[in-house]
Number of protein chains: 2
Amino acid sequence: MAPLDIDVARSRLLDAAEGLFYARGIQAVGMDDIRTGSGVSLKRLYALYPAKEQLVEAYLRRRDVRWRGRLAAHVEAVDGPRERILAVFDWLGEWFREPGFRGCAWINGYGELGTTSEVVARLAREHKLAFAAYLEDLVRAAGLPETLAPQVLLLAEGAMVTAGILGTDAPAAQARSAAAVLVSSAAPGA
Amino acid sequence: MAPLDIDVARSRLLDAAEGLFYARGIQAVGMDDIRTGSGVSLKRLYALYPAKEQLVEAYLRRRDVRWRGRLAAHVEAVDGPRERILAVFDWLGEWFREPGFRGCAWINGYGELGTTSEVVARLAREHKLAFAAYLEDLVRAAGLPETLAPQVLLLAEGAMVTAGILGTDAPAAQARSAAAVLVSSAAPGA
DNA sequence: AGTGGGTGAGAACGTGCGTTCTCTGCGTAA
DNA sequence: TTACGCAGAGAACGCACGTTCTCACCCACT
């Protein structure tokens with residue numbers, strides 16, 4: 001029964017890590033907290049992730065896949081290439097309203113450990129580049145000029161940061177209407 | 001000679017604190033580092049700031065005044081109320097290009113200690129609200145609709161975050177041109 | 001039933017750091 | 001010149017936490 005339990009232990013650990021790291025910050029969570037939160041013994045924890053940084057890395061990687069997956073699922077349920085660009089901000093608004101929302105995990109992680117941990121800094125860059133690439137795809141699919149994509153990115157990043165710090169979901173709608181203006185202005189034909 | 005030295009000690013401490021906290025993050029800097037960097041003895045350090053959190057607070061307060069002062073000085077040297085809004089992004093670009101630029105101290109501080117330290121969380125909110133209020137002033141002075149101000153704020157915040165994480169100054173120009181579109185679209189008369 | 005390997009609980013270890021304490025030396029006043 | 005007090009250097013203390021170790025338990029196999 002050992003191999004099966006390994007997968008169970010891994011996912012319990014990542015669940016606990018994600019809940020705790022995101023809610024409190026990485027440095028504020030001790031390995032004992034992970035152990036208590038997951039029910040997985042310290043011995044097994046260290047067998048699966050030999051150091052805290054590797055658990056942090058696994059947490060950020062899994063969250064990246066899930067975060068971008070949820071975004072893409074929401075966007076792709078919308079019809080019309082231009083509407084899809086705006087749907088990004090609708091999804092951000094839903095996310096901001098979730099209980100426990102506390103800003104972007106990568107922005108927070110970068111602020112906390114960008115200097116100390118090369119891994120965290122790199123994962124934050126990769127996540128933002130992947131998000132930027134996704135927005136480029138949306139803009140290209142809409143036949144709009146590529147210069148629009150980074151502008152939409154900045155609106156989204158600004159919305160995440162501002163919603164996190166001020167604790168309000170208003171930035172989602174504000175960014176959405178700004179993006180709508182940019183999309184309309186950028187449109188070559190109506 | 002005591003009273004004079006107090007001011008000297010205070011400013012040396014804040015200079016060291018600002019350099020170290022901003023460059024490495026708050027938790028990564030020990031009180032011994034502050035002592036070494038400032039040349040002020042631990043005894044005096046604790047006489048002036050009885051706990052690390054108070055030094056952090058003083059650092060963020062002084063930086064807030066200086067940061068907004070530098071921004072305002074740059075903006076007010078520009079003629080034309082609409083050009084002033086765009087000048088915000090020119091100044092951001094200059095800031096991003098400064099050696100040692102590492103993102104926004106309040107965004108980083110919020111990511112690092114927003115959960116742990118009520119003081120840091122409050123100062124981050126206050127700083128962002130003050131910045132938002134300044135942008136509102138600029139928008140109002142240009143006779144543009146007030147809904148423009150939070151949109152410009154999001155572009156600026158997104159530019160700071162993205163420039164910090166990706167280590168490029170490109171977001172300043174991208175945000176500037178997005179803001180130019182928003183300003184033009186919002187203008188009631190030409 | 002008896003034995004061995006592996007597992008969980010948690011004690012233990014080492015380190016880093018915020019904060020305080022000690023001691024030494026120097027400048028000042030009589 | 002001598003006694004006093006303040007300041008600086010840095011040792012010391014207490015705690016938190018990442019990581020490792022110990023030990024007792026349980027289950028499989030004979």
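The table for this structure:
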read-out	value
Where B:Gly109 falls short, out of the listed (1) free of Cβ contacts under 8 Å to residues at least 24 places away in the same chain; (2) under 14 Å from the mean Cα position of the chain (by Cα); (3) buried (at least 20 other Cβ atoms within 10 Å of the Cβ)	(1)
Scope the range A:138-152; condition β-branched (Val, Ile, Thr) and in contact (Cβ under 8 Å) with a residue 40 or more places away in the chain; matching residues	A:Val139, A:Val152
Subset tally (residues that are in contact (Cβ under 8 Å) with a residue 12 or more places away in the chain and either more than 13 Å from DNA strand D (Cβ to nearest atom) or among the charged types (D, E, K, R) (or both)) for the range A:17-34	5
Condition broken by A:Tyr46, with the remaining ones in (1) in the same structural domain as A:Pro171 (by TED's automatic domain parsing); (2) within 16 Å of DNA strand D (Cβ to nearest atom) satisfied	(1)
Residue selected from the range A:19-29 under the condition open to solvent by 30 Å² or more (accessible area, probe 1.4 Å) and either more than 14 Å from chain B (Cβ to nearest Cβ) or not in a helix (DSSP H, G or I) (or both), by the criterion farthest from DNA strand C (Cβ to nearest atom)	A:Ala28
A:Leu13 within 12 Å of DNA strand D (Cβ to nearest atom), surrounded by 15 or more Cβ atoms within 10 Å (Cβ to Cβ) and touching a residue at least 24 places away in the same chain (Cβ under 8 Å)	no
The range A:115-137 residues that are in the same structural domain as A:Leu154 (by TED's automatic domain parsing) and free of Cβ contacts under 8 Å to residues at least 60 places away in the same chain, paired with ones that are not in a helix (DSSP H, G or I) and not aromatic (Phe, Trp, Tyr) (beta carbon under 6 Å, 6 or more apart)	A:Thr115/B:Gly25; A:Thr116/B:Ala28; A:Ala121/A:Gly114
Test: residue in the range A:129-146 that is at the interface with chain B (Cβ under 7 Å from one of its Cβ atoms) and under 19 Å from B:Ala159 (Cα atoms)	no
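The values are calculated or read from the model by the stated rules, or taken from the named source; none is laboratory data. What you see is a predicted model, and the numbers here were worked out from it, not measured in a lab. Note that each Cβ is placed from the backbone with ideal geometry, even for glycine, and that neighbours are counted across all protein chains shown. Remember, those area values only see protein heavy atoms, side chains included, never the ligands or the DNA or RNA. Shrake-Rupley method; radii C 1.70, N 1.55, O 1.52, S 1.80 Å.
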